[in-house]
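Note sheet for the following structure.
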Amino acid sequence: MPVIIAPSILSADFGNLNRDCQMINESEAEWFHVDIMDGVFVPNISFGFPVIKAIKKAAQKPLDVHLMIVDPDRYITHFAEAGANILSVHIEACNHLHRTIHEIKRQGMKAGVAINPHTGISLLHDIIADIDLVCMMSVNPGFGGQKFIENTYHKIADLKELIISKNSQALIEIDGGVATGNALKLVQQGADVLVAGNTVFSAPDPKAMVSELKKITSSDIISA
């Protein structure tokens, strides 16, 4: 399967949100990555349902919504109504993860579980066969532009082993510090989805940067 590139809309210019959404539409990216932060689970606040609905209206590709919030169960229906196609909740924020995952699916969305850099892969052992995505944080969540945590490579390899052993179909998504210098190695270790925020939107030509990431992670290069 080709590697999925998901530009993080959090790094977009919110004064020109429609323009940046159209850039993603016209680019080789497959998903829009949408980070939701509540100022409690992480020390930052992003945006709410009106902005998500505006993004959904402009987007011609799936919305990959990453909840960095406490008590995400309260809002699952609202995110489904706002247009989320994939909804990821943090394992650290869920008291009853299995129930949360099944409610996300019942609402018609694909279900993902996000894990912080310090969270062990072993905690996914009993849920990995039930989910569609693991969003692995490769920086501490809350702010863009952070330095990539090198231990992520080992965690990807361990997670890939778990997915195979459990016959899971879950994709491995890497969120944080993804750039042209580490994209290939991430995919070689087993990543399926790369979230790129500052790397895309701070580039002189964001659309060309998406193409560059696609080129770096092409199957021909990976297998070489």
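Name the one entry in 64, 13, 20 that is of a type in the set (Asp, Glu), under 20 Å from residue 195 (Cβ atoms), touching a residue at least 40 places away in the same chain (Cβ under 8 Å) and surrounded by fewer than 20 Cβ atoms within 10 Å (Cβ to Cβ). Quick ask: steps written out before the conclusion?
Details: 64 fails: surrounded by fewer than 20 Cβ atoms within 10 Å (Cβ to Cβ); 20 fails: surrounded by fewer than 20 Cβ atoms within 10 Å (Cβ to Cβ).
None of the others qualify; the one that does is 13.
Within the stretch 19-32, does at least one residue satisfy the condition of being of a type in the set (Phe, Trp, Tyr) and touching a Lys or Arg at 6+ places or on another chain (Cβ under 8 Å)? Explain how you work it out, then say what you get.
Initial filter on the stretch 19-32 (of a type in the set (Phe, Trp, Tyr)): 31-32.
Okay, now just the ones that are also touching a Lys or Arg at 6+ places or on another chain (Cβ under 8 Å), so 31-32.
Yes: the stretch 19-32 contains one or more residues that are of a type in the set (Phe, Trp, Tyr) and touching a Lys or Arg at 6+ places or on another chain (Cβ under 8 Å).
Would you please name the residue that is nearest to residue 38 (Cα to Cα), looking only at residues in the stretch 150-190 that are hydroxyl-bearing (Ser, Thr, Tyr) and crowded, with 17+ Cβ neighbours inside 10 Å?
If we take residues in the stretch 150-190 being hydroxyl-bearing (Ser, Thr, Tyr) and crowded, with 17+ Cβ neighbours inside 10 Å, then 152 is nearest to residue 38 (Cα to Cα).
Of a type in the set (Gly, Ala, Ser), loosely packed, with under 14 Cβ neighbours inside 10 Å and assigned to a helix (DSSP H, G or I) - does that describe any residue in the stretch 132-149? Talk me through it step by step, then tell me what you get.
Residues of the stretch 132-149 of a type in the set (Gly, Ala, Ser): 138, 142, 144-145.
Now drop any that are not loosely packed, with under 14 Cβ neighbours inside 10 Å, which leaves 145.
Pick out the ones that are also assigned to a helix (DSSP H, G or I) and you get none.
For the stretch 132-149, residues of a type in the set (Gly, Ala, Ser), loosely packed, with under 14 Cβ neighbours inside 10 Å and assigned to a helix (DSSP H, G or I): absent.
Taking only pairs six or more apart or across chains, which ones have beta-carbon atoms under 8 Å, a first residue in the stretch 69-92 that is touching a residue at least 40 places away in the same chain (Cβ under 8 Å) and within 26 Å of residue 138 (Cα to Cα), and a second residue that is outside any helix (DSSP H, G or I) and among the small types (Gly, Ala, Ser)?
86/111; 86/112; 88/111; 88/112; 88/114; 90/114
Inspect the stretch 72-91 for any residue being under 15 Å from the mean Cα position of the chain (by Cα) and more than 20 Å from residue 197 (Cα to Cα) and give the result as yes or no. Step through it out loud before you land on a result.
From the stretch 72-91, those under 15 Å from the mean Cα position of the chain (by Cα) are 84-91; that's our starting set.
Subset that is more than 20 Å from residue 197 (Cα to Cα): 91.
Yes: one or more hits.
Being in contact with a Leu (Cβ under 9 Å, 6 or more places away or on another chain), surrounded by fewer than 15 Cβ atoms within 10 Å (Cβ to Cβ) and in contact (Cβ under 8 Å) with a residue 24 or more places away in the chain: is that true of residue 125 here? I'd like the intermediate steps shown before the answer.
Values: in contact with a Leu (Cβ under 9 Å, 6 or more places away or on another chain): yes; surrounded by fewer than 15 Cβ atoms within 10 Å (Cβ to Cβ): yes; in contact (Cβ under 8 Å) with a residue 24 or more places away in the chain: yes.
So residue 125 passes the test.
Of all residues in the stretch 97-131 being small (Gly, Ala, Ser) and assigned to a helix (DSSP H, G or I), which is farthest from residue 179 (Cα to Cα)? Steps first, please.
Filtering the stretch 97-131 down to residues small (Gly, Ala, Ser) leaves 108, 111-112, 114, 120, 122, 129.
Among the residues that remain, those that are also assigned to a helix (DSSP H, G or I) are: 122, 129.
Values: 122: 27, 129: 30 Å.
Here the answer is 129.
Out of the stretch 179-214, which residues are in a loop (DSSP other than H, G, I, E, B) and over 18 Å from residue 1 (Cβ atoms)? If you could, list the steps in order and put the result at the bottom.
Our first condition is that a residue be in a loop (DSSP other than H, G, I, E, B); within the stretch 179-214, this holds for 179-182, 190-192, 197, 202-205.
Correct list: 179, 180, 181, 182, 197, 202, 203, 204, 205.
Of the residues in the stretch 137-178, how many are of a type outside the set (Val, Ile, Thr) and closer than 16 Å to residue 110 by Cα?
First, the residues of the stretch 137-178 that are of a type outside the set (Val, Ile, Thr): 137-138, 140-148, 150-151, 153-155, 157-162, 165-171, 173, 175-177.
With closer than 16 Å to residue 110 by Cα added as a condition, the list becomes 168-171, 173.
Number of matching residues: 5.
Every number here is computed from the coordinates shown, using simple stated rules; none is lab data. Just so you know, these numbers come straight off a predicted model, no measurement behind them. Note that each Cβ is placed from the backbone with ideal geometry, even for glycine, and that neighbours are counted across all protein chains shown.
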